Each structure stands twice: as structure tokens, then as C-alpha cells.
Amino acid sequence: MSKLVFATFLVSLVVASTPAPSREQQFEYSKQAELDAEGNVYVSSDQGKLIWMANTKHCSEVGEANDHQTVGCRVVQDQEFGNTVPSLQLEIYRKGGHKEIIEPGGPILDWHFWKDGQQVAVSSRLGNGQVTYGLYDSAAARLIEKLAEPSEESLLPQWAKGQMQIQDESVPMTAALTEERTKWIAKVLRQISKIEPGMRRKDLHKVFTPEGGISTRTQRTYVHAECPYIKVNVRFKAENDESDGLSEGPDDVIESVSQPYLAWSVGD
């Protein structure tokens, strides 16, 4: 037997004798919690298959923990009135199809996962109007810690703070940074003041970009290229073919520009 044939025989023998992974092994961790395009909420089974838990008719808000296996559902209290009725329940869905129900004792104001889904923080308003914060164990819906609303938000423990508050507190504040931010705002105001009636749409695009939402060829909201929260409303006169109310042209003429203002971003 030649060396080549003998080597090929050995490789074939090793491949044939190596046990193939079972189907359970192949798919054990191949699936994560999922919210599909139809609004169905799934978690993974121990074998890696999706288990249906709820849908967005049942949940007014769905959130996924960082472990990608735990999902929270703020339950719709009244199917007929939807989100207009405050929710009183938060359901937690976990790997394997487990479900826990958290009822804080009043309408739920806000909630978020903590420690990669091991815990969940819930703020609610009691009948006397007092806001309370509760930290729960996700696996058993057991209350770990509870506290009343402090005199200042900054006094809340980290687990009770919402994402927006954490972001706000993370912004560095120094005298030097405040001065730089003031200079930048002044620069932006000067840029906006240079946009005048009679200029073209293409001139506007040097400083601004179009925002999503409802618009026409003759009226659109623009956001500053360096900050999407700084906006102006602009009216145009079509360069040609005014009957076409949708197709924007780079040479459309600016008729008016509003004063700049601040607002949250708007999507299509």
C-alpha cells in the first residue's frame, strides 16, 4: 500500500470514528429571545427552539435583557382602550418558556432590566399618589428592595435610575466644557443666520439634512448636520413643474426659514 493511500485511509478512519454532534447539541444555544415582524414574542427552549409567549396585542411595551434570553412585557390592561389605561402588571419571560408576573400595587410608570436580566426595576404610582421603586428577582418575581421617591432624582440608587437619567448624569460638566459648548452654539446660530430666502435647496444641504416625517416638496423640516435636535422649518418654491408636489429639486428656491428650535428626532 502506498504512503498516499495509507494516509488517506487513516484520515477516513478518523472522520468515520468521530461521533457527530447530536441535534440537541447543534441547536442548544443557537436561538435567542425574539420579537418578530408580526409582533410575536418568543423565548428559547433548552434545545434552542423558539417558544411563543405573547404578542403586542397583549404587551403595550416589550423589552429584552442584555442576556438575549429574558424578555419583559408591560401588559395591556384593557384590550379595548389599549395604552390609554395604565398597566398594572409586568410579565417576565425566560428561557425554557418560564413566565413570572410582577404586580407592584399600582400603575407602572417605568421599568427596565438590571444585572443583564437577573433583576428588573419597576417604578409605580400608588393610590395616594406616591411613587415607589421596586427591585425584583426576574426568576421568581420576588421583591428584593423597595423605596419611596426621594426628594431629588440624583439620590436614587443606580438600579432605580432610568436610562435617560443615567445618560444625563454621564455628561461631563466642567467650566471649560461649558465654554466650548457655548461657542459651538454660537457657531451654529451664525450658520443658520446665513440661510436666507432666495437661496437654493442645495445651499441648505451644506449645513442641514432633511428630517423624516410628513413633508412635501414645498415644506420640510431640516436638522443640523452636527446635532439632530436642532431644527428649522423651511418653505420652498419649486424651480419647475410645480404640479409635482413630491420630487424635491436641488434648485428649488427657499421662500422662508423658521427660527431654529429644539425637538426630539422624528422618523419616517
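Magnitude of the charge dipole for the stretch 93-182, about its Cα centre and with charges confined to Cβ atoms of Lys, Arg (+1) and Asp, Glu (-1), is about 540 debye. Rounded to the nearest 20 debye, the dipole size of the stretch 148-222 about its Cα centre is 960 debye, using +1 on the Cβ of Lys and Arg and -1 on the Cβ of Asp and Glu. Across the stretch 132-213, the convex hull enclosing all Cα atoms gives 206 Å³ per residue. Straightening the chain between ALA139 and LYS49 buys 30.4 nm, computed as 0.36 nm per residue apart minus the Cα-Cα spacing.
Using the Karplus relation 6.51 cos²θ - 1.76 cosθ + 1.60 with θ = phi - 60°, the per-residue 3J(HN,Hα) values for the stretch 196-203 come to 10, x, x, 6, 9, 4, 5, 5 Hz, with x marking Gly and Pro.
Considering every alpha-carbon pair of the stretch 120-268, the percent of pairs per 5 Å bin, from zero through the bin containing the longest distance, is 2, 8, 13, 13, 11, 9, 8, 9, 9, 7, 6, 4, 1, 0. Residues whose amide H lies under 5 Å from that of GLY39, counting only those 5 or more places away or on a different chain, are absent; hydrogens are built 1.01 Å from N in the peptide plane. Using θ = phi - 60° in the Karplus curve 6.51 cos²θ - 1.76 cosθ + 1.60, the 3J(HN,Hα) couplings for the stretch 251-256 round to 9, 4, 8, 6, 9, 7 Hz; x is entered for Gly and Pro.
The H on the amide N of GLN69, modeled in the peptide plane, is under 5 Å from the matching H of ALA33, each at least 5 residues off or on a different chain. Could you tell me which of rounded, prolate or oblate describes the stretch 77-157, using a ≥ b ≥ c as the square roots of the eigenvalues of the alpha-carbon gyration tensor, with rounded for a/c under 1.5 and, failing that, prolate when a/b is larger than b/c and oblate otherwise? Taking the square roots of the gyration eigenvalues as a ≥ b ≥ c, the stretch 77-157 is oblate.
What does the extension gain come out to for MET164 and LYS206, with contour length at 0.36 nm per residue minus their alpha carbon separation?
Numbers: separation 42, 0.36 × 42 = 15.12 nm, distance 3.13 nm.
Length gained between MET164 and LYS206: 12.0 nm.
Counted residue by residue at 0.36 nm each, then reduced by the alpha carbon distance between them, the extension gain from GLU149 to VAL266 reaches 38.9 nm.
Across the options GLN158, MET199, THR178, the greatest Cα extent toward the positive end of the charge dipole of the stretch 153-268 (unit charges at beta carbon of Lys, Arg, Asp, Glu) belongs to THR178.
Just list whichever of LYS95/LYS115; LYS57/LYS146; LYS206/LYS231; LYS31/LYS161 have alpha carbons separated by over 23 Å in the model shown.
Details: LYS95/LYS115 16 Å; LYS57/LYS146 30 Å; LYS206/LYS231 14 Å; LYS31/LYS161 31 Å.
From LYS95/LYS115; LYS57/LYS146; LYS206/LYS231; LYS31/LYS161, over 23 Å: LYS57/LYS146; LYS31/LYS161.
Where a number appears in this text, it was derived from the coordinates with a stated rule and is not lab data. Just so we're clear, the structure is a prediction, and the values are computed from it rather than from any experiment. Neighbour counts are summed over all protein chains in view; Cβ atoms, including those assigned to glycine, are modelled from backbone coordinates with ideal geometry.
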